[in-house]
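The values are calculated or read from the model by the stated rules, or taken from the named source; none is laboratory data. Everything quoted here is computed from the prediction, not taken from an experiment. Virtual Cβ from ideal backbone geometry, glycine too; neighbours counted across all protein chains shown.
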Amino acid sequence: MDLLMDYRSAAAALGAELFPPGAGGGFSRVVIDSRKAEPGALFIALKGGKSDGHTYLSQAFERGASAALVSEAGMKAAGFDREGTPAGEVVLLVVPDTLKGLQDLAGAYLDKFPRLLRIGITGSSGKTTVKEITAAVMGREKRVVMNQGNLNSETGLPLSLFEVRSHHEAGIFEAGMNRKGEIAELAAALKPHIALITNIGPAHIGILGSLEAIAQEKKDLFSQFTGNETALIPEDDPFRDYLAGDIRGRVVFYGQKNLEAGGKLNAAVDRGLEGTEIVWEGISAAFGLPGKHNLKNALAAAAIACEAGIGGKALREGLGSVKGLFGRSEILRGKTTVIRDCYNANPDSAAQALDFCDGADWPGRRVYIMGSMLELGAHSASAHGGLGERLLRSRGDMIFLYGKETAPARDVLKAGKRLFFYTEAMDELERAVSAYVRSGDLVLLKGSRGCALEGLTDTVLIKEGGAGVS
């Protein structure tokens, strides 16, 4: 496998101590899990909340790792020192902070590809879907690379940057956050030329405390701008003016009104469960992801494509090729129709899912299975109470609530005398759902990833030729 970087260049980029001094060669792969170490790999020893990668240095070397990025303090705490390494066989890069080292090293690696168009995407919801749609569109004209799945974290995005190769023309990367300051760190590694924010919402409000703090964090995606970059900001977001302020670069407000005014988007016709018919520059494209929120995701991708100079034909073909991602507005069909939207949940995305299901042209019953919305912190009770109010107004014939966090929603539904079932036990939920669901139902599965509502798929999806498995 070709080298990604040589050790001397990596040490120089990081200001790291190289041991042994003047070591030759380099690494062809970067890993943070010692079990994935192999010859040519650089193992990065990260200190986490539950374990310290420095304690696995020996295992990484035994599995063949050629080098490791370490901290002096981490090595000492793990009882590992330079003298304990096999002389001439392994290389150490010693830095004060290995997480920062990983991020800085990824940024230095990316600098080897000055012609790569760097695209960054963040936001409270929709960023993975926007990334996938953007890749489907731009991939029609350019050779693209992106982070796989939702590898968008403080470690996932930097590791994804090491997937860039010389033949790539555009890199499309999403940036997520689980703590304050994380977006700024990821922006420093990526240094995007085009950066898009999908929206500002209450996802992770338990971490940052307010929508204003979330907006400030997301805006940090623009923090590395030097004057020639473009910030794409949703035209209808309440924080649009704040997000657009004091940016060193070009600001474009994107969305349906902007694209219609620019003559690109001629029409967007809602086709219900079949998605949206998008008329772009006079020609129709069938976009298969349903709901107004997914139309917004498509238009975000279209805005990026326009900035990147992608033609209308590629955009229409790319939109037509998009399929639902696991747990994100998936439509599963059998004798029942299931909307599996349980990869993540927050108050905004839950309301969007309910709006879509309520508005669907459906002749049968509507069954709404709602799991807890996690990571809301002190806002959890009020958010779930608000969910209960929304469910009270919904067209759901039966509502199932799962998880202790949904107790405030239970109380609202009980006071409103709505038909519902509440439990904190998955086996109880499965039995109750199995007893209720029947052919012809429209079933929504919506909850945070930690609820694992996808486990109910076989229960609620009554397939042609037989009942679901309960």
Name the residue that is surrounded by the fewest Cβ atoms within 10 Å (Cβ to Cβ), counting only residues in segment 52-63 that are over 22 Å from residue 106 (Cβ atoms) and of a type outside the set (D, E, K, R). 59
Give me the residue from segment 303-329 that is without any contact (Cβ under 8 Å) to a residue 60 or more places away in the chain and in a helix (DSSP H, G or I) and, out of that set, farthest from residue 275 (Cα to Cα). 306
Does residue 53 satisfy being farther than 24 Å from residue 154 by Cβ and not assigned by TED's automatic domain parsing to the domain that holds residue 153? no
Test of understanding: among 289, 232, which residue is part of a loop (DSSP other than H, G, I, E, B) and either under 23 Å from the mean Cα position of the chain (by Cα) or touching a residue at least 24 places away in the same chain (Cβ under 8 Å) (or both)? 289
Right, residue 382: part of a loop (DSSP other than H, G, I, E, B), among the small types (Gly, Ala, Ser) and either without any contact (Cβ under 8 Å) to a residue 40 or more places away in the chain or on the phi < 0 side of the Ramachandran plot (or both) or not? no
Test set (1) small (Gly, Ala, Ser); (2) over 20 Å from the mean Cα position of the chain (by Cα); (3) modelled with pLDDT of 95 or more - residue 195 fails condition number: (2)
I need the full set of residues from segment 321-351 which are surrounded by 17 or more Cβ atoms within 10 Å (Cβ to Cβ) and among the polar types (S, T, N, Q), in order please. 329, 336, 337, 344, 346, 349
Residue that is surrounded by the fewest Cβ atoms within 10 Å (Cβ to Cβ), among those in segment 247-278 that are hydrophobic (A, V, I, L, M, F, W, C) and within 20 Å of residue 237 (Cβ to Cβ): 261
Take the residues in segment 330-351 that are in a helix (DSSP H, G or I) and in contact with a Gly (Cβ under 7 Å, 6 or more places away or on another chain); name whichever of them is nearest to residue 434 (Cα to Cα). 347
Looking at residue 431, is it at pLDDT 95 or above, over 28 Å from the mean Cα position of the chain (by Cα), over 20 Å from residue 350 (Cα atoms) and assigned by TED's automatic domain parsing to the domain that holds residue 346? yes
Could you grab the pairs with beta carbons closer than 7 Å, sequence gap of 6+ or different chains, first residue in segment 330-342 and over 16 Å from residue 455 (Cβ atoms), second one in a strand (DSSP E or B) and polar (S, T, N, Q)? 331/337
